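To start, the structure under review is shown below, and the notes come after it.
The values are calculated or read from the model by the stated rules, or taken from the named source; none is laboratory data. In this text the structure is predicted, and so the values were computed from the model without any measurement. Please note: Cβ atoms are built from the backbone with ideal geometry, for glycine as well, and neighbour counts cover all protein chains shown. Quick note on the areas: whole protein, heavy atoms, side chains included, nothing else; ligands and nucleic acids left out. Shrake-Rupley method; radii C 1.70, N 1.55, O 1.52, S 1.80 Å.
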Amino acid sequence: MELENLLEKLKLDHLEHQLDGVCEQAAQRQLDYKAFLAQALQTEWQGRFQRNVESRLKLARFPWIKTLEQFEFDFQPSLDRKLVRELAGMSFVERAHNVILLGPPGVGKTHLAIALGVKAVEAGYSVLFLTLEQLMTRLMKAFNENRLDRTLQQLSYPKILIIDELGYLPLSNTEASLFFRLVSRRYEHASLIVTSNKSFLDWGEVFNDPVLATAVLDRLLHYSTTLNIKGESYRLKEKRKAGLLGRTNVKEEKEVLLQEA
């Protein structure tokens, strides 16, 4: 049986497409049979790994791809780099712990959330990214169509569920109740990464119910790491570089943040 047919039957697609290059490298390095086989199988494994990563990245529904290497830590000195590196090790996922990212608009909360999500995907975990608005739209639709339990179960499957932009808009009583049910469903089973522009003291206003907000925080914070980013907006920094903002026009800066939030 010809080699091409064997590769096809064994479904070694990546090796089949790169076989000539693998053979040429083996000849140049004068590899023995065992080393050549290891190199060939390594090529196939790398191809499969990359394909799986790309598939999980697509399923995660990130609005864009950001990495920790792209994050400007020097611009946010309040951020604990060591703690971020520990989170990047993904041990919090194995323990089903949560990560809460707090700070004003533009300081990199979403960037960090996505970057940790990308690390998780590369480590083989399932991830789903939703803004709070997207999440509420999905839950309310399920609630109105009498299929809430099924939707909550589906949202419990990803090892990491990223919920972005909590706090920009207040929740109705029904929405707040649905959010609580989701947090309760994932509690001690799978991780949440939540970004918010509100301090925990203000979550009572966000949920329109201080008691319910306390119950949500109780479950979120029981096993969690909180990163409170106290710094300047990246967007304002770029506008300053472009000469679009003065250095002391605080009112103008606030208006820009409100428009871009």
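So here's what we get for this one:
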{"read-out": "Choice from 208, 144, 52 showing the highest fluctuation, given a GNM over the chain with Cα pairs closer than 10 Å", "value": "144"}
{"read-out": "Segment 153-220: GluC sites (Glu not before Pro) falling in loop per DSSP and having at most 14 other Cβ within 10 Å", "value": "188"}
{"read-out": "Residue 41-residue 157 FRET efficiency (beta carbon distance; Förster radius 30 Å; 0.05 resolution)", "value": "0.45"}
{"read-out": "Neighbour cut-off at most 13 other Cβ (10 Å), DSSP loop, trypsin sites (Lys or Arg not before Pro), segment 25-105", "value": "61, 95"}
{"read-out": "Acute angle (nearest 10 degrees) that the helix 13-29 long axis makes with the longest principal axis of the chain, alpha-carbon atoms", "value": "60 degrees"}
{"read-out": "Dipole of the chain [Lys/Arg +1, Asp/Glu -1 at C-beta], most positive-end residue of 111, 228, 31", "value": "228"}
{"read-out": "Simple Cβ-charge dipole of segment 1-64, Lys/Arg +1 and Asp/Glu -1, about Cα centre, in debye nearest 20", "value": "540 debye"}
{"read-out": "The chain - percent relative contact order, Cα under 8 Å, separation 6 or more", "value": "23 percent"}
{"read-out": "Dimensionless Rg over Rh [segment 7-90; C-alpha; Kirkwood]", "value": "1.19"}
{"read-out": "Euclidean distance of C-alpha centroids, segment 24-85 and segment 157-203, integer Å", "value": "30 Å"}
{"read-out": "The chain: most fluctuating residue of 16, 122, 86 per GNM, C-alpha cutoff 10 Å", "value": "16"}
{"read-out": "Answer label for mean projected area of the Cα convex hull in nm² (calculated), chosen among (i) 19.9; (ii) 15.3; (iii) 14.4", "value": "(i)"}
{"read-out": "Total charge dipole magnitude, segment 135-177, about the Cα centre, Cβ charges on Lys, Arg, Asp, Glu only, Debye to nearest 20", "value": "200 debye"}
{"read-out": "Given charges at beta-carbon only (K, R positive; D, E negative), |dipole| of the chain in Debye", "value": "520 debye"}
{"read-out": "1.4 Å probe accessible area per residue over the chain, in Å²", "value": "58 Å²"}
{"read-out": "Within-11-Å neighbourhood charge of residue 191 [Cβ basis; K, R +1; D, E -1]", "value": "+1"}
